[in-house]
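For reference, the structure is listed below as structure tokens.
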Amino acid sequence: MADGNGIFGIHGAALALRSQRLEMLASNIANAATPNYKARDIDFGKALELATNGRTAKDAVDAAIAYRVPVTPSLDGNTVELSTEQTLFAENAVQYRTTLSFLEGRINTLKRALKGE
Amino acid sequence: MEKPFSVFDIAGRAMSAQLVRLNTTASNLANAGSVSGSKEDAFRALKPVFRTVTNSEGVATVAVDRVVEAGKDPEMRHAPDHPLADENGNVWAAGVDTAAELVEMVETARQYQNNVQVLQTAKTLTLDTLRLGQ
């Protein structure tokens, strides 16, 4: 599934990566008030490319992880900016749902083909 | 090695940490007007110290490491009529900056709400995934 050549194509890998990114952004929001916490995110395009080339979702995420560059760093060394994190979290949630509907489409197509409608 | 964190662990633990922070703020505000007979006994503002709990790379939640007495020193006030006054007629008012505490309270509430939002989004997405293909 992760190699992108299964029934679900690229969307299987994409869903796994979206879910990992969701966790990462949730971590950033959870640590919004922790001194010296450095926000992290994944380069989604890079991770997806790695995942479709045969790497597991976890390997792909580990290779594409990076620290966020803050717009205005705060004095306690925390680099979480809630506006940024919230926007990206919402965006990622929408994209997760988009991937879900792509998968749903594939499943429906297959079902229809099997039933011979 | 702990089991991997889910979004529910991350946001849930963050919410309890924020709740501790809200409790300290409430204690500070409740004690803001209190006075004491000596500088040592006077109330000082409590502050929680947050610590990151990392699970795997990039996945981390937050915990309250400890609660410390921080903030400004108690203020000496000359009030000879006060029943708690020492031999020089001084009392010490609690070292609480009420304006700062109120700001802290609003910020805590905001961040708590953010975590609730994260939880809600994660819940709907998980349920949608469960319904896949039905």
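For region B:23-50, name all the residues that are surrounded by 17 or more Cβ atoms within 10 Å (Cβ to Cβ) and among the hydrophobic types (A, V, I, L, M, F, W, C).
B:Val35, B:Ala42, B:Phe43, B:Ala45, B:Leu46, B:Phe50
Look at region A:53-68 and say how many of its residues are surrounded by fewer than 16 Cβ atoms within 10 Å (Cβ to Cβ), under 17 Å from A:Asn31 (Cβ atoms) and either of a type outside the set (Gly, Ala, Ser) or touching a His at 6+ places or on another chain (Cβ under 8 Å) (or both).
Residues flagged as surrounded by fewer than 16 Cβ atoms within 10 Å (Cβ to Cβ), under 17 Å from A:Asn31 (Cβ atoms) and either of a type outside the set (Gly, Ala, Ser) or touching a His at 6+ places or on another chain (Cβ under 8 Å) (or both) within region A:53-68 amount to 1.
Under 8 Å between Cβ atoms, which residue pairs at least 6 apart in sequence (or on different chains) link something in region A:93-104 that is within 7 Å of another protein chain (Cβ to nearest Cβ) and in a helix (DSSP H, G or I) with a partner that is surrounded by fewer than 17 Cβ atoms within 10 Å (Cβ to Cβ) and among the hydroxyl-bearing types (Ser, Thr, Tyr)?
Every condition considered, the pairs that remain are A:Leu100/B:Thr129.
I want to confirm something. Restricting to region B:17-63 and keeping residues that are aliphatic (A, V, I, L, M), at the interface with chain A (Cβ under 10 Å from one of its Cβ atoms) and touching a residue at least 24 places away in the same chain (Cβ under 8 Å), which single residue is farthest from B:Arg77 (Cα to Cα)?
B:Val59
For region B:113-127, enumerate the residues that are over 12 Å from A:Ala90 (Cα atoms) and crowded, with 19+ Cβ neighbours inside 10 Å.
B:Asn115
Does B:Val53 meet the test of being part of a strand (DSSP E or B), at pLDDT 90 or above and surrounded by 14 or more Cβ atoms within 10 Å (Cβ to Cβ)?
Judged against the criteria, B:Val53 is a match.
Give region B:89-127 a look and list any residue that's within 11 Å of another protein chain (Cβ to nearest Cβ) and aromatic (Phe, Trp, Tyr), or say none.
Hit for region B:89-127 is B:Tyr112, nothing else.
The values are calculated or read from the model by the stated rules, or taken from the named source; none is laboratory data. Because the structure is a prediction, the values reported are computed rather than measured. All Cβ positions, even for glycine, are placed from backbone atoms using ideal geometry, and neighbour counts span all protein chains on display.
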